[in-house]
1. For residue 242, indicate whether it is within 16 Å of ligand 2 (Cβ to nearest atom) and crowded, with 16+ Cβ neighbours inside 10 Å.
2. Return the residues of the stretch 371-399 that are farther than 30 Å from residue 264 by Cβ and within 16 Å of ligand 2 (Cβ to nearest atom); say none if nothing qualifies.
3. For residue 334, which of the numbered conditions (1) away from ligand 2 (no atom under 13 Å from the Cβ); (2) under 17 Å from the mean Cα position of the chain (by Cα) fails to hold?
4. Which condition from (1) away from ligand 2 (no atom under 16 Å from the Cβ); (2) under 21 Å from residue 232 (Cα atoms); (3) part of a loop (DSSP other than H, G, I, E, B) is the one that residue 291 breaks?
5. Given the condition at pLDDT 95 or above and within 19 Å of residue 122 (Cα to Cα), answer yes or no: does some residue in the stretch 5-20 qualify?
6. Is it the case that residue 283 is surrounded by fewer than 19 Cβ atoms within 10 Å (Cβ to Cβ), touching a strand residue (DSSP E or B) at 6+ places or on another chain (Cβ under 8 Å) and over 22 Å from residue 408 (Cα atoms)?
7. Just to be sure I understand, how many residues within the stretch 82-101 are surrounded by 15 or more Cβ atoms within 10 Å (Cβ to Cβ) and under 20 Å from residue 417 (Cβ atoms)?
8. I'm checking my understanding of the structure. Among residues of the stretch 383-401 that are assigned to a helix (DSSP H, G or I) and more than 16 Å from ligand 1 (Cβ to nearest atom), which one is nearest to residue 336 (Cα to Cα)?
Ligand code: ATP
Ligand code: MG
């Protein structure tokens, strides 16, 4: 393999003979001169070919992979920046033409087509910007939690029973038994938190959602924490802090990507406002929405709430027990209400959390109350029989968060290889 340097570096080393390599983004042919714009992961450069004998005889098409040896030089044309003057152009691999998907800055291709040709779509500026931002969100999340004393855990993805209720579970044959794909790392992160105290994970989960929607996938990446000696308020504080930290970090380190996406990222103020579920219902009712105490909010109602609360990000807390999972800690003076919260950001739920029940007897009672069978959860319940501290945690959906940060309306844009009711490939 030839030695090459990135385009960004070649631009910093004008006058030196170096080799760059990448994809042909576009070409322009004039009678006596040819221009090739080459792209690699660090950017683009214009290769100016004056000696037409250097130009490949078979011509060049978009996305052909080429290696060019030559020298960078400051361009004489104002604003053009740096040009590259070749001594040698090697065609490394041709691309089939025409391309099945438009990957230009002004791509006109439908989302479905783009997803069918995802490997090519990854080369489009908008798509690259989305995943550069997602990458930043993930690395900042991991970095902040590691620095703040959280242990990264690896929960299993094949599990024996439901954690969030049975309806949207994927079942799979597992030797002589049935098993399920995890719909959340819930039970495992609790088992870890009661020993390691502060834990986090980034893990895929699967949900057989009833419908295809612009905000749901069937395979999701969740970013979770779980923390011992903490209640709901304690972990809400962690959530608002890390969210603002991640957003500031994107704003600081991804300005070009945000510009490509035409996204003006507003950083929410700390602390986030806390609105109780009951207050929220009353606000929506006053605004003429059809909703009664006990209902979950629809996605349009979540958006409406944002307008009514007037904040980019806020918490909805103290939910009816019926709307939240069996492990949610009830208020001692009002067991119909649980220590649970959602974080609404950009008008959509991006995270849910609760203080969990750490007392085996209470857990059995609440499981039965949900119509589930405590026998199916014995190994989980038993974990709390040997000195389990009170604990709480939350989960952020990575693709949901990316959607809001990048300003996209369809979550499929923010998942490299989305899985929905129809899509299993690529
Ligand atoms: P929703 O009410 O939006 O369907 P949920 O309350 O069922 O979500 P949780 O169990 O609270 O979801 O999961 C925690 C987070 O994981 C959610 O806040 C969301 O960001 C993300 N999430 C959950 N289910 C999905 C899904 N099907 N597609 C995309 N993200 C999801
Ligand atoms: Mg939720």
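The values are calculated or read from the model by the stated rules, or taken from the named source; none is laboratory data. Model, not experiment: these values are computed from the prediction. Backbone-built Cβ (ideal geometry, glycine too); neighbour counts: all protein chains shown.
1. Details: within 16 Å of ligand 2 (Cβ to nearest atom): no; crowded, with 16+ Cβ neighbours inside 10 Å: yes.
For residue 242, the condition - within 16 Å of ligand 2 (Cβ to nearest atom) and crowded, with 16+ Cβ neighbours inside 10 Å - is not met.
2. Scanning the stretch 371-399 gives 392, 393.
3. Evaluating residue 334 over (1) away from ligand 2 (no atom under 13 Å from the Cβ); (2) under 17 Å from the mean Cα position of the chain (by Cα) leaves (2) as the failure.
4. Against the list (1) away from ligand 2 (no atom under 16 Å from the Cβ); (2) under 21 Å from residue 232 (Cα atoms); (3) part of a loop (DSSP other than H, G, I, E, B), residue 291 comes up short only on (2).
5. Yes, that holds for at least one residue.
6. Numbers: surrounded by fewer than 19 Cβ atoms within 10 Å (Cβ to Cβ): yes; touching a strand residue (DSSP E or B) at 6+ places or on another chain (Cβ under 8 Å): yes; over 22 Å from residue 408 (Cα atoms): yes.
Yes.
7. Of the residues in the stretch 82-101, 2 are surrounded by 15 or more Cβ atoms within 10 Å (Cβ to Cβ) and under 20 Å from residue 417 (Cβ atoms).
8. So in the stretch 383-401, the residues assigned to a helix (DSSP H, G or I) come out as 383-385, 398-401.
Going one step further and asking which of them are more than 16 Å from ligand 1 (Cβ to nearest atom), we end up with 383-385.
Working: 383: 25, 384: 23, 385: 25 Å.
My answer is 384.
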